[in-house]
Amino acid sequence: MLREIDYLSIETNEHWMKRCLALARRARGQTSPNPMVGALLYKDDNVIAVDYHKKAGTPHAEPLVLKKAGEAARDATLFVNLEPCCHRDKRTPPCTDAIIEAGVKRVVIAMEDPNPAVSGKGIEVLNSAGIATEVGILKEQAMRLNEAYIKYITTRSPFVIMKVAMTLDGKIATPNGESKWITCGTSRNLVHRLRASVDGVLSAIGTVKADNPKFSTDIEGLRNPMRIIIDPELAIPEGSNVLKTPPVTYIVTKKNNTYNIDGLKYIYYDGEIDLKWLMMELGKVGITSVMIDGGASLTGHAIEEGIVDKVMVFVAPKIIGGKGSFSPVQSKTFRSVNDPYGIVNMTVRSIGCDILIEGYIGR
């Protein structure tokens, strides 16, 4: 009995759940619109199998790890960072069926699935089959890992990250628009990895004209994001990199505008652009996460219209000065010092010679 209590301890549960989260993280940028999920089978003081969900439409982590374990899965404990699915209106069978059939004794779950088709129901199915469950182990870490999935599945709107690279005196470009390169190569490499983790990069015509960016992921083996370019009058030069970099570029423009270029998609609007409306339109085409990579005007509108969930600010140890140099956020209005757009759950870390400040917009 002491042996059983020991291996069910909080410390043991957290240890193996950390392993599940690390497994799930291997698929960052590959599973959208699905969550990242890792699974681990533990029995008789040994890990008998581990695996993770690789890509939407392929087997989930739980059946993968159960298949690896075979008969050894009977009476084992399954660790998984998200509630096993139980619904049938999808491309893969319910994970709860595989868990019950394998004879698993106990399932340790980091968090319930916020998907209304699953939320709590998968746990009920397992309990009804006599399988013990424990929920909430490293819940906060699990929610942070799948923050984009949670936002999208509950709102049908993408999770929005605002990325900024600025100098120590809060400038993103000189008065003549010079901005390459404010941050170091290590920071730029991380931004490429960030692009690979999101479904789309949102920018605007001003940035495209000034920098001719590709918004690609220049790291072998990592995917490119889609590009979403706000261009009301369709003024992007036809030879621009964003028009010819795979996989897809969405042009957000006024009605009746179109290019004679294959591979482009369009989102049309009238009047002034409404970024909240645009996010819902992106959600309709399955875009679950967006990184804003544009100038001060776009970031200002994004903050002002309340679409930003997370900020990532790279601060370089440089000072460029100048009254006409550009600051990162230029909105139409401002907030009082005593009533600002607050940043919560902030972290600070060194990235090469730069500092990365991450946090979430307080609601």
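Below is a table of values for the structure above.
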quantity	calculated
Failed criterion for Lys265 (all others in (1) assigned to a strand (DSSP E or B); (2) within 19 Å of Ala302 (Cβ to Cβ) hold)	(2)
Qualifying position, being at pLDDT below 95, closer than 14 Å to Gly200 by Cα and open to solvent by less than 10 Å² (accessible area, probe 1.4 Å), among Val248, Val290, Val242	Val242
Filter result for Ile267 (farther than 16 Å from Gly200 by Cα and either open to solvent by less than 60 Å² (accessible area, probe 1.4 Å) or modelled with pLDDT of 90 or more (or both))	no
Test set (1) open to solvent by 20 Å² or more (accessible area, probe 1.4 Å); (2) in contact with a His (Cβ under 9 Å, 6 or more places away or on another chain); (3) not in a loop (DSSP other than H, G, I, E, B) - Asn115 fails condition number	(3)
Pair list, Cβ < 9 Å and 6+ apart or interchain, from the stretch 183-211 residues that are touching a residue at least 60 places away in the same chain (Cβ under 8 Å) to residues that are charged (D, E, K, R) and in a helix (DSSP H, G or I)	Val201/Arg195
Residue ID - nearest to Pro158 (Cα to Cα), chosen from residues in the stretch 292-345 that are among the charged types (D, E, K, R) and in contact with a helix residue (DSSP H, G or I) (Cβ under 7 Å, 6 or more places away or on another chain)	Asp309
Residue in the stretch 149-169 that is under 28 Å from His53 (Cβ atoms) and among the acidic types (Asp, Glu) present	no
Residue, modelled with the lowest pLDDT, within the stretch 295-318, restricted to residues that are open to solvent by 20 Å² or more (accessible area, probe 1.4 Å) and within 11 Å of Val329 (Cβ to Cβ)	Gly295
Members of the stretch 327-357 found to be touching a Ser or Thr at 6+ places or on another chain (Cβ under 8 Å), hydrophobic (A, V, I, L, M, F, W, C) and farther than 11 Å from Phe314 by Cα, listed by number	Val329
Given (1) in contact (Cβ under 8 Å) with a residue 60 or more places away in the chain; (2) in a loop (DSSP other than H, G, I, E, B); (3) over 17 Å from Glu178 (Cα atoms), index of the condition Gly322 fails	(3)
The stretch 51-74, subset more than 20 Å from the chain's Cα centre (by Cα), aliphatic (A, V, I, L, M) and under 17 Å from Thr96 (Cα atoms), residue surrounded by the most Cβ atoms within 10 Å (Cβ to Cβ)	Val65
Answer residue from the stretch 75-101, given it is touching a residue at least 24 places away in the same chain (Cβ under 8 Å), open to solvent by 20 Å² or more (accessible area, probe 1.4 Å) and under 19 Å from Lys43 (Cβ atoms) and is nearest to the chain's Cα centre (by Cα) among those	Ala98
Some residue of the stretch 49-68 being closer than 21 Å to Asn115 by Cβ, aromatic (Phe, Trp, Tyr) and not in a helix (DSSP H, G or I)	yes
Members of the stretch 11-50 found to be aliphatic (A, V, I, L, M) and surrounded by fewer than 16 Cβ atoms within 10 Å (Cβ to Cβ), listed by number	Ala22, Val47
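The values are calculated or read from the model by the stated rules, or taken from the named source; none is laboratory data. Because the structure is a prediction, the values reported are computed rather than measured. Note that each Cβ is placed from the backbone with ideal geometry, even for glycine, and that neighbours are counted across all protein chains shown. The accessibility values were calculated without ligands, DNA or RNA, using every heavy atom of the protein model including side chains. Shrake-Rupley method; radii C 1.70, N 1.55, O 1.52, S 1.80 Å.
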